[in-house]
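Just below is one structure, and these are the notes that go with it.
The values are calculated or read from the model by the stated rules, or taken from the named source; none is laboratory data. Note that the structure is a prediction, hence the values are computed from the model and not measured. Positions of Cβ are backbone-derived with ideal geometry, glycine not excepted, and every protein chain shown enters the neighbour counts.
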Amino acid sequence: MGDATIIGSKWRLVEVGRVVLLQTGPSAGRLAAIIEIIDHKRVLVDGPATDANPGGVARQAVALADVLLTAIVIADLPRASRHGTVEAAWEKAEVDSKWKASNWYKKRLQNDRRKALTDFDRFKVLRLKKQRRFEERKALAKVKASA
């Protein structure tokens, strides 16, 4: 018989050490780590205050329906870790730099910047897009003419 190769799924699993993004409550938009699984619908989370995570997240039970699982995992985080242990593991795993390097974070920043634009700022963006489109079409016409 031939060899069988077993490849694990790429699903984001609910596990101790998984970094989550809170969606509701006073800590909405902040990162926290799962430190204990309470039952099939709730987890205990905790998150230190960092530059990428201002204010941090107080230890609390949250419903899994109210969080988004990220691809970041803090390896070997003990179950029910104290806040200091979570903070040290957070720094060791470089969660902030991984989060800032993710496309998810960059997209959130871009959306926040767009929401903060005034009418005049939106007009300036419109004019810049028109200028870029004009230059691109001019270069394309030049290439087609030479071909």
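The table that follows gives values for the structure above.
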item: Options THR50, THR70; residue that is of a type in the set (Ser, Thr, Tyr) and closer than 12 Å to VAL19 by Cα; result: THR70
item: Index of the failed condition, ALA28 passing every other in (1) out of contact with any Leu (no Cβ under 7 Å at 6 or more places or on another chain); (2) surrounded by fewer than 17 Cβ atoms within 10 Å (Cβ to Cβ); (3) of a type in the set (Gly, Ala, Ser); (4) modelled with pLDDT under 95; result: (1)
item: Those residues of the range 36-85 which are touching a residue at least 40 places away in the same chain (Cβ under 8 Å), polar (S, T, N, Q) and in a strand (DSSP E or B), in sequence order; result: THR70
item: Some residue of the range 42-60 being touching a Ser or Thr at 6+ places or on another chain (Cβ under 7 Å) and modelled with pLDDT under 95; result: yes
